[in-house]
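A quick write-up on the structure given underneath.
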Amino acid sequence: MQGKGITLIGLGPGDPGLLTRQAWEFLQAGGEILARTRHHPVLENLPPGVLLRSLDDLLAQEPFSAGVITRMADVVLEFAR
């Protein structure tokens with residue numbers, strides 16, 4: 001069975017009005033999303049029905065490095081499964 005894949009969207013500089021229509025429509029579809037951090041202004045205005053998970057715990061464990069990026073990628077891939 002083929003999965004849905006991974007959709008990556010940029011949240012922009014912080015103003016929810018600056019999201020692309022396509023990004024907003026994806027978020028409005030609901031479901032679960034994985035964000036690098038919960039500390040982004042757009043995430044305060046998510047549409048109803050969106051379940052937010054973040055990588056903040058992982059990022060708090062050590063400074064941002066190649067090792068952290070690799071672990072973040074592993075989490076994203078596991079999330080997609």
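The values are calculated or read from the model by the stated rules, or taken from the named source; none is laboratory data. Bear in mind the structure is a predicted one, so any value in this text is a computation, not a measurement. Using ideal geometry, Cβ is built from the backbone for each residue, glycine included, and neighbour counts are taken over all protein chains shown. The accessibility values were calculated without ligands, DNA or RNA, using every heavy atom of the protein model including side chains. Shrake-Rupley method; radii C 1.70, N 1.55, O 1.52, S 1.80 Å.
So, Phe64, is that one open to solvent by 50 Å² or more (accessible area, probe 1.4 Å) and touching a residue at least 40 places away in the same chain (Cβ under 8 Å) or not? In short, no. Within region 1-23, if we keep just the residues that are over 21 Å from Val76 (Cβ atoms) and either touching a residue at least 12 places away in the same chain (Cβ under 8 Å) or outside any helix (DSSP H, G or I) (or both), the residue that is most open to solvent (accessible area, probe 1.4 Å) turns out to be Pro13. On the stretch given as region 49-60, residues that are in contact with a helix residue (DSSP H, G or I) (Cβ under 8 Å, 6 or more places away or on another chain) and either in a helix (DSSP H, G or I) or in contact (Cβ under 8 Å) with a residue 24 or more places away in the chain (or both) total 3. Determine whether region 37-48 contains at least one residue that is outside any helix (DSSP H, G or I) and touching a residue at least 60 places away in the same chain (Cβ under 8 Å). So far as region 37-48 goes, no, none of its residues is outside any helix (DSSP H, G or I) and touching a residue at least 60 places away in the same chain (Cβ under 8 Å).
Arg71 satisfies every condition listed in (1) surrounded by 14 or more Cβ atoms within 10 Å (Cβ to Cβ); (2) in a loop (DSSP other than H, G, I, E, B) except (2).
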